[in-house]
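The values are calculated or read from the model by the stated rules, or taken from the named source; none is laboratory data. Everything quoted here is computed from the prediction, not taken from an experiment. For neighbour counting, all protein chains shown are included, and Cβ atoms are generated from backbone atoms with ideal geometry for every residue, glycine included. Note: accessible area is taken over every heavy atom of the protein model, side chains too, but ligands, DNA and RNA are not part of it. Shrake-Rupley method; radii C 1.70, N 1.55, O 1.52, S 1.80 Å.
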Number of protein chains: 12
Amino acid sequence: MSNHHTYKKIEMVGSSLTSIEDAISNAIAECDKSVKNMDWFEVTETRGHIKNGQVAHYQVTLKIGFRIEGS
Amino acid sequence: MSNHHTYKKIEMVGSSLTSIEDAISNAIAECDKSVKNMDWFEVTETRGHIKNGQVAHYQVTLKIGFRIEGS
Amino acid sequence: MSNHHTYKKIEMVGSSLTSIEDAISNAIAECDKSVKNMDWFEVTETRGHIKNGQVAHYQVTLKIGFRIEGS
Amino acid sequence: MSNHHTYKKIEMVGSSLTSIEDAISNAIAECDKSVKNMDWFEVTETRGHIKNGQVAHYQVTLKIGFRIEGS
Amino acid sequence: MSNHHTYKKIEMVGSSLTSIEDAISNAIAECDKSVKNMDWFEVTETRGHIKNGQVAHYQVTLKIGFRIEGS
Amino acid sequence: MSNHHTYKKIEMVGSSLTSIEDAISNAIAECDKSVKNMDWFEVTETRGHIKNGQVAHYQVTLKIGFRIEGS
Amino acid sequence: MSNHHTYKKIEMVGSSLTSIEDAISNAIAECDKSVKNMDWFEVTETRGHIKNGQVAHYQVTLKIGFRIEGS
Amino acid sequence: MSNHHTYKKIEMVGSSLTSIEDAISNAIAECDKSVKNMDWFEVTETRGHIKNGQVAHYQVTLKIGFRIEGS
Amino acid sequence: MSNHHTYKKIEMVGSSLTSIEDAISNAIAECDKSVKNMDWFEVTETRGHIKNGQVAHYQVTLKIGFRIEGS
Amino acid sequence: MSNHHTYKKIEMVGSSLTSIEDAISNAIAECDKSVKNMDWFEVTETRGHIKNGQVAHYQVTLKIGFRIEGS
Amino acid sequence: MSNHHTYKKIEMVGSSLTSIEDAISNAIAECDKSVKNMDWFEVTETRGHIKNGQVAHYQVTLKIGFRIEGS
Amino acid sequence: MSNHHTYKKIEMVGSSLTSIEDAISNAIAECDKSVKNMDWFEVTETRGHIKNGQVAHYQVTLKIGFRIEGS
């Protein structure tokens, strides 16, 4: 067995009508459909759209790190 | 009709007793009194004041982009 | 009495199972046990761990500024 | 007469179907309708939209500096 | 139908003998062969090679955002 | 009365023949002619022109924050 | 044959018990199992874990650039 | 005797009614009451408060490096 | 038992005659004399002194994160 | 023959009445009069002057890398 | 006569016992001995040494831009 | 004798088949052929080329500071 791991980081943008945390969760839930071994996330950008003078939805860019299967 | 738009970005600081999202909403609501065509926002700074060992209020700096009327 | 104050900034990482705001509060509450005169905070990093395809906890790095006692 | 000037910088986003330079010109032309004494610009962001696998338009964010009238 | 979308951002380097815009187009055209739903790009780096005292080709790094199919 | 305030930040460039502090003061004094409730400033850039091998004048870019009247 | 190439950059985290260079090599070796035409790398972050008051392992984040097959 | 030294960097905010240099000196003078072997400083932020349309005081954030006693 | 931890980050500069890794180890070893529960480090700056046209020693600035005892 | 090369990077500002690419070419052409072995460039800043509400000229700052003769 | 100029930027560190402005002047005065056509400067770093609990001297890093003779 | 010094910083890229430290040394050794009074270096970029799935060589960009002769 190897004494070290290798990870990959991918960059996702999650969105939500309600909160920053929900936008993060949505991005992670979407990744969970195809990515194994997700380990951590880092928020790199928080923004959103405005409609009728109100936040229409939040858009949070995050990097998601996951261990390469078998490493 | 023009085939392109021009936008202006202004920098606001919203504050709130309760949450980061609420501070964002407060800044946008205040702008809505005088700015038309607001389209998106970008958070550039999240901070706040502390009183009696607790968050007294959140202060969120955001850039708000809006389309120049007529462009 | 001096006509100026001096502040120190320390860097903390708070964590929470539930939200970014809660992670901020947890870091400040922990500091409150040993630091007097806390005045403001600045978020410098937002990240977290993922377990079973969901956010396990948020980790928020913040700088906390406090007035040096007697300054 | 004063021996110094004061300038203001505003942040605009110009767009264009054809080029980065054209997006810059469009933002400046729009400002020229209401701003006097424009003196320089600084590009801070270059991005754009994609449609049907092609650049639909360029979006260039620039800061525009102009001398305050009378300063 | 979901009330939110999730996007992925990938980082590409396009090159061109003639212009920055052409390097951007080349990167997007290459992605178009395998990526659906491309929505926007962000330029993060502009550089190039020099040969015989002249620009040999431009190299433009850009992030390309696309909606995750089905999200 | 509202339990929160909203602030706007504008970006100015002050100049001076003599010092960085004087350039800051000149920018603030110019703003004071038209802006109410100025509260704080943040220096973002310090530069200047050189003539005959000497500093001709300092140019200091600063963001000025002020409370939105009525907020 | 095309007169230009397109590259993709991916972000990896390699780790090692012994050195920064070894962590870089481990990340590249792992990628080599599935990625062709790797051309260059850029270190973006150097960190690591501490155990018992000593470096337990180094973690180096690097972007790896490779030519898109056929471009 | 060791052939190498270890330093710690702390982050302070000094303030002054009169100048940036004075704010730096005030922060260092305050540290001098409790910190030995101070060796260098690095300015990381220059800002201040405005009152009645004038600089009320300068606030300069600086990192102060000092050698760990005995290292 | 709490379901969350709080960490503090301190900034150290380690030095070494021989390598970057050794400078990191020296800083951590020095901290180990007074800091418990050290968990991770992040390199923020790599520099050094030159003497007689050769590297005299490496100086590596790193942030060290440790769990607050009892949190 | 050495198995490694050493490069120097210099920072130039090229200007042009017509385009960003032309400003880059002008800077490189000027360097070509005195610098050998120019190998690559990196754009670090794009700005320009405005006259009569139009771009008067583009100013592009670029770093130019060249191999040290004999290395 | 050419309709455009080319500039070079060099990076200097000036020092002074008394002020930031004096450190800037000292760097420019030193350059003036060998560099013609100096046009502007940009401060990129402000730091200094501490001796006996006081600022021993200021060190200001600045980029100096000058027109290439004949361009 | 002057009570202050002036320094110049130049930017070099050293390369090595074996390590980051060796790339730094190679850049400094090359400079030593023509530059006097070298005093310190600052690493600004670490990258390298990949061949056959392995690091072919490291490329380290560093700024080298040296005292201006006679200052």
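Give me the residue from segment E:13-26 that is in contact (Cβ under 8 Å) with a residue 12 or more places away in the chain and within 9 Å of chain D (Cβ to nearest Cβ) and, out of that set, most open to solvent (accessible area, probe 1.4 Å). The residue in question is E:19. Summed over segment K:27-41, the residues that are more than 8 Å from the chain's Cα centre (by Cα) and in contact (Cβ under 8 Å) with a residue 24 or more places away in the chain give a count of 6.
Scan segment E:49-65 residue by residue and report those that are touching a residue at least 12 places away in the same chain (Cβ under 8 Å) and not aromatic (Phe, Trp, Tyr).
Scanning segment E:49-65 gives E:56, E:57, E:59, E:60, E:61, E:62, E:63, E:64, E:65.
With respect to (1) open to solvent by less than 40 Å² (accessible area, probe 1.4 Å); (2) at the interface with chain A (Cβ under 9 Å from one of its Cβ atoms); (3) hydrophobic (A, V, I, L, M, F, W, C), the lone exception for residue B:29 is condition (1). What about residue L:10, is it within 25 Å of residue I:22 (Cα to Cα), crowded, with 17+ Cβ neighbours inside 10 Å and either among the aliphatic types (A, V, I, L, M) or touching a residue at least 40 places away in the same chain (Cβ under 8 Å) (or both)? In short, no. Within segment A:43-57, the only residue that satisfies the criterion of being touching a Leu at 6+ places or on another chain (Cβ under 6 Å) and either among the small types (Gly, Ala, Ser) or within 24 Å of residue E:12 (Cβ to Cβ) (or both) is A:43. When segment A:1-22 is filtered for residues that are small (Gly, Ala, Ser), more than 17 Å from residue C:57 (Cβ to Cβ) and not in a strand (DSSP E or B), only A:2 remains. Of everything listed in (1) open to solvent by 20 Å² or more (accessible area, probe 1.4 Å); (2) without any contact (Cβ under 8 Å) to a residue 12 or more places away in the chain, the single unmet condition for residue K:68 is (2).
I'd like to know if segment E:41-56 contains one or more residues that are part of a strand (DSSP E or B), facing another protein chain (nearest Cβ under 8 Å), open to solvent by 20 Å² or more (accessible area, probe 1.4 Å) and more than 14 Å from residue J:43 (Cβ to Cβ).
Within segment E:41-56, one or more residues are part of a strand (DSSP E or B), facing another protein chain (nearest Cβ under 8 Å), open to solvent by 20 Å² or more (accessible area, probe 1.4 Å) and more than 14 Å from residue J:43 (Cβ to Cβ).
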